[in-house]
Amino acid sequence: MHYMKPPQVNLTIVHNSKVKTNFSVPATARKNKTMVTVVEEVDHLPIYDLDPKLEEFKDHFNYRIKRYLDQKCLIEKHEGGLEEFSKGYLKFGINTVDGATIYREWAPAAQEAQLIGEFNNWNGAKHKMEKDKFGIWSIKISHVNGKPAIPHNSKVKFRFRHGGGAWVDRIPAWIRYATFDASKFGAPYDGVHWDPPACERYVFKHPRPPKPDAPRIYEAHVGMSGEEPEVSTYREFADNVLPRIRANNYNTVQLMAIMEHSYYASFGYHVTNFFAVSSRSGTPEDLKYLVDKAHSLGLRVLMDVVHSHASNNVTDGLNGYDVGQNTHESYFHTGDRGYHKLWDSRLFNYANWEVLRFLLSNLRYWMDEFMFDGFRFDGVTSMLYHHHGINKGFTGNYKEYFSLDTDVDAIVYMMLANHLMHKLLPEATIVAEDVSGMPVLCRPVDEGGVGFDFRLAMAIPDRWIDYLKNKEDRKWSMSEIVQTLTNRRYTEKCIAYAESHDQSIVGDKTIAFILMDKEMYTGMSDLQPASPTINRGIALQKMIHFITMALGGDGYLNFMGNEFGHPEWIDFPREGNNWSYDKCRRQWSLVDTDHLRYKVVPKYINYMNAFDQAMNALEEEFSFLSSSKQIVSDMNEKDKVIVFERGDLVFVFNFHPNKTYKGYKVGCDLPGKYRVALDSDALVFGGHGRVGHDVDHFTSPEGMPGVPETNFNNRPNSFKVLSPPRTCVAYYRVDEDREELRRGGAVASGKIVTEYIDVEATSGETISGGWKGSEKDDCGKKGMKFVFRSSDEDCK
C-alpha cells in the first residue's frame, strides 16, 4: 500500500537540501503491510552543530533517523500513534470490557490455544481461543451473575499446541502478577490474574514531586533492604527505609528488581514476567503504596527497567513462547543473534512490530499504573551494538560507535521509547547504563540523538577500585583522578557514582570494606581510639564520595548502605551458603547504635552517614551539580592537592597521607570573603577539627585583569587556607551586600558539637534538607548551624 508522509514530524530541519545516501530505508511491519520508506530532508541535524566530527558519519545518522521516522509514521498510520500503540496492556493480557473478560496473546507459532486456570479447573476444552491473521489469539468470556468468570487473584495459564504437535503451558506474556509456592523447593511460577475490586485498589494520594535540577539518587533493592534475614516487603521499605533516604537529603529513589524474576540472585536482571511486580515483596497495590509514600516525602522514584535481554527460562518466562519459529514470529532473534552468551539470556528482535508494542507498552504501564517518574535502562551497551560490548574496548574513536556493528533496530526502539516517555511525562528522568560512551546518546531525539536524559559515568567506580586495590596512596595521580571525573561529553549529562552495587556482591568489596576490611568488625567502637586504618578509611570514604559528587557529573548516585560504609558483602541465598539470607540484608542497627563509628551521639548521627547527609544538603542549597561552571585550577602531583570551582563553591581536596599545608594558596573567580561551607575534618564527621570555621578568607587579586596567563593558576583572585591531610573542604563566597552569611554556609563546622545539634529546632524554621541559619551561634560568632534530622522527624 502507498503511504503518505504525516503532516507534522517532530524533527528539527536546518537545511532544505535533499540528502543523498547509499543506505536503503526499510521499515519492518506486519506481514500484510508493505515495506515503505519515508523520504525526509535531513541533510543537517542539530547534533552536527554540537559536534562537527559527527558530520563524517552523516550517512549513518540519516539512515537511523529515517528508520525512526519510518517506524513512527507506520505506527501513526496503523495504530493511531505511539500513545495509542503503547496502551497495549489495555488490549493484551486479561482485561475486563463491557461485562466480559477478554484475553489476548500474540503467539503466531501456536496451532491451537486455550485459556486455563483455577476458574475452569485447568481444563481448557470449553475455553478455546481464536487466532487472527496477525498471530493474535483471543477469547471473550462473559461475566457470570454479574461477576468476572476469572476471579481476582486466581491462577491462570496460556496453553497452546505448537508445530511439533506438543501442548505446552505458559504464563501469559502480559500477566500482571506471578507467584510460586515458597514451601516447595524450585516450585515454578504461576500467572495470577490481578484485578482487585475497587475497595481493595490502592488510590494515589500525592502528586509527583517536581523534577530536580540535578538528581541525587539513592539506589535500593527492596528485598534486601531489611535488617532481618528474610525478603523485605514494599510496605516495610516504604515505612522504614524511605524516611532514612529522605533524612539523608536524596531527592530520587531508584528501585532495582521490581519486574518479576524467578532467580532472586540475578539482582532482578533476568526478568521472567515484564508486567508483573516481583511477588517476593508484595502485591501491585503494595508497590503503589511505596511509590506514593515516596512522593509524599518529596522523593521521585525511578525504576530499573530491563529491555536489553530476557530470562532464558522456558516454563515461567517469555522464552517459553519461542518454540522454534522464525524471528518474525518471535519476541527474540533466532540463532546466535538471539542469545547473550555471557548473560545466558535471550535477546529481543527490536524490529518486530509486536515486540515494539510489548516493550513500549511495558514502559507506559509502569509509568501510568504505578506513577514511576522515570527509568534507568539496564544494559544499554548490549543494545547499542551487535557485539554487545563483549570483549570490546572503546577508545573514543567514532568509528567504534557508528558502523555496521551498531544495532540500528535497537537504537530506533530507544528513540521511540524516549520520545514517548517525554511526551507522556515531560518531567520524566531517563538514565542509560552505557559503558561505551556513544556520542549523542543523551541528546534529544529531535536533534538526532537517542533521547536519554543522563548516562551513568561507569568509568569512575572502576578508577577508584583500581587505585584502592593496586596503588599506594602516595602514587595516586591527581591529574588522572580529575581526567576520569571530568571525561564526559559536552552537553550530555552524566550520573556520577563512586561505587556500584556490583562491588557489594560476594567476591568483591565496597570502598569502605576495601579501606578498613577486618577492622570494621573490631575497630568501629567510639569507646576506643581509632586505629590508623580506621582513620584513613573514614577519611578516604568521605573524600572519594564527595569529589565524585562534586566533579564527576550532573547528578549523583549511591547504592543502599554505602552512605554509611556498610561492611561485608551481599550474598543472595544459594546452595553454596545453604540458602542463607544472613548477608542479603542491610544492617541499619550499625547506624542506630550510639557507640559505633557508624554512629556517634546524638542519635541518628554517624560519621560517614552524617557526611553523606551534609554533602547532599550542600548540593541542595548551592545547586552546584546543575551549574555549567566547572573549573579545575590545580592538580598538584607533589602536594597531592586538587582545587576546583563548581557553581558558586571552591573545593580543596588534600589527598596527601600526612602533610598539612598552612596558608595554601587557592585560586578563585570572584573577589571577596570566603568561608567554610562543608569540612570533612569536622569533629561531627569523625575528623579532627583542625580547620577553623570562624575564619574569614579574604581574596587577593592575581596578575592583570583579563589576562589569564598572568593570574594564579589562571584564576584572577586567590585566598589562603589551612589544608590538613586527607581532608576536603568546600568554601562559599560571603554576600557582603546582605550583611549576613548566605543561608547554608559553614555547614557542619568544627564548632558544631553535640550541644549544637537541633539548635532552635522548635522555632518552626527547620528547613527540609536539614539547613538552619542564624546570625550568631552560642559562642557569639557569626555563623550557620547545620540541623541533623532523623528519619523519625521526617515522618512527623
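Based on the Kirkwood radius over alpha-carbon pairs, what value in µm²/s does the Stokes-Einstein equation return for the translational diffusion coefficient of segment 326-407 at 10 °C and 1.306 mPa s? Let's see the in-between values first.
On the way: Rh = 14.6 Å.
For the chosen part, D equals 109 µm²/s.
Could you calculate the FRET efficiency of Glu568 with Asp132 from 1/(1 + (r/R0)^6), where r is the beta carbon distance between them and R0 is 60 Å, rounded to 0.05?
Taking R0 as 60 Å, the efficiency between Glu568 and Asp132 is 0.65.
Counting only Cβ charges, +1 for Lys and Arg and -1 for Asp and Glu, the dipole size of segment 293-364 around its Cα centre is about 380 debye.
Rg then Dmax, both in Å and based on the Cα atoms of segment 264-319: 13.3, 41.
Figure the gain on full extension for Tyr490 and Arg337 (residue separation times 0.36 nm, minus the Cα-Cα span) and round it to one decimal in nm. Mind showing how you got there, number by number?
Values: separation 153, 0.36 × 153 = 55.08 nm, distance 3.40 nm.
Difference between extended and current length: 51.7 nm.
Leaving out ligands and nucleic acids, note down the accessible area per residue over the chain with a 1.4 angstrom probe, in whole Å². Accessible area per residue: 39 Å². Loop-located chymotrypsin sites (Phe, Trp or Tyr not before Pro) in segment 109-174 (DSSP state not H, G, I, E or B) with no more than 14 neighbouring Cβ atoms inside 10 Å: Trp122, Phe134.
Our helix-only sum for the chain, with -39,500 (n - 2.57) per DSSP H run of n ≥ 4 divided by its residues, gives a mean residue ellipticity at 222 nm of -6000 deg cm²/dmol.
Students often check this: by mean Cβ neighbours within 10 Å, which of 477-483, 125-131 ranks highest, and how do the rest follow?
477-483, 125-131
Each principal axis of the Cα atoms in segment 127-181 has its own extent, and those three values, largest first, are 38, 31, 17 angstrom.
Roughly speaking, what is the centre-to-centre gap between segment 258-274 and segment 285-303 when only Cα atoms are used, to the nearest Å? So the two Cα centres are separated by 20 Å. If each Cα of the chain is one equal point scatterer, what is log10 of I(q)/I(0) from the Debye formula at q = 0.08 Å⁻¹? Reported log10 I(q)/I(0), two decimals: -0.73.
Normalised by 2.2 N^0.38 Å, where N is the number of residues, the C-alpha radius of gyration of segment 86-193 stands at 1.06.
In terms of Cα to Cα distance under 18 Å, which aspartates and glutamates are near enough to Lys341, apart from those fewer than 8 places away along the same chain? The qualifying aspartates and glutamates are Asp322, Asp378, Asp405, Asp407.
In summary, the aspartates and glutamates within cross-link reach of Lys638, defined as a Cα separation below 18 angstrom excluding same-chain residues under 8 places away, comprise Glu472, Asp473, Glu480.
So in the chain, what percent of DSSP beta bridges are antiparallel if you round to the nearest 5? Present the calculation step by step, with values, prior to reporting the outcome.
Details: 79 of 110 bridges.
The antiparallel fraction comes to roughly 70 percent.
Compactness of segment 81-131 is given as radius of gyration and Dmax, 13.0, 40 Å, from Cα positions.
For the residue pairs Lys157/Lys293; Lys91/Lys288; Lys542/Lys665; Lys399/Lys471, the C-alpha atoms sit more than 25 angstrom apart in Lys157/Lys293; Lys399/Lys471.
The trypsin sites (Lys or Arg not before Pro) of segment 481-527 that DSSP puts in a loop, and whose beta carbon has at most 10 other beta carbons within 10 Å, are Lys518. Computed from backbone phi, the HN-Hα couplings of segment 226-242 come to x, 7, 6, x, 7, 6, 7, 9, 4, 6, 5, 4, 4, 7, 9, 9, 3 Hz, rounded to whole numbers (Karplus: 6.51 cos²θ - 1.76 cosθ + 1.60, θ = phi - 60°; Gly and Pro given as x).
Of the trypsin sites (Lys or Arg not before Pro) found in segment 272-381, those that fall in a DSSP loop while having at most 10 other beta-carbon atoms within 10 Å are Lys341. Binning the alpha carbon pair distances of segment 633-748 at 10 angstrom intervals from zero yields the distribution 14, 46, 33, 7, 0, expressed in whole percent. Distance from the alpha carbon centroid of segment 538-585 to that of segment 376-394 works out to 24 angstrom. Between 0 and 90 degrees, the angle of helix 532-552 with respect to the longest Cα principal axis of the chain falls at about 60 degrees. Under 14 Å of direct C-alpha separation, and excluding same-chain neighbours fewer than eight residues apart, Lys662 reaches these aspartates and glutamates: Asp639. Between 0 and 90 degrees, the angle of helix 353-369 with respect to the longest Cα principal axis of the chain falls at about 50 degrees.
For the chain, a crude dipole built from +1 on the beta carbon of Lys and Arg and -1 on the beta carbon of Asp and Glu, taken about the Cα centre, is about 1040 debye to the nearest 20.
The values are calculated or read from the model by the stated rules, or taken from the named source; none is laboratory data. Just so it is clear, the structure is predicted and the values come from calculations on it, not from any experiment. All Cβ positions, even for glycine, are placed from backbone atoms using ideal geometry, and neighbour counts span all protein chains on display. Note: accessible area is taken over every heavy atom of the protein model, side chains too, but ligands, DNA and RNA are not part of it. Shrake-Rupley method; radii C 1.70, N 1.55, O 1.52, S 1.80 Å.
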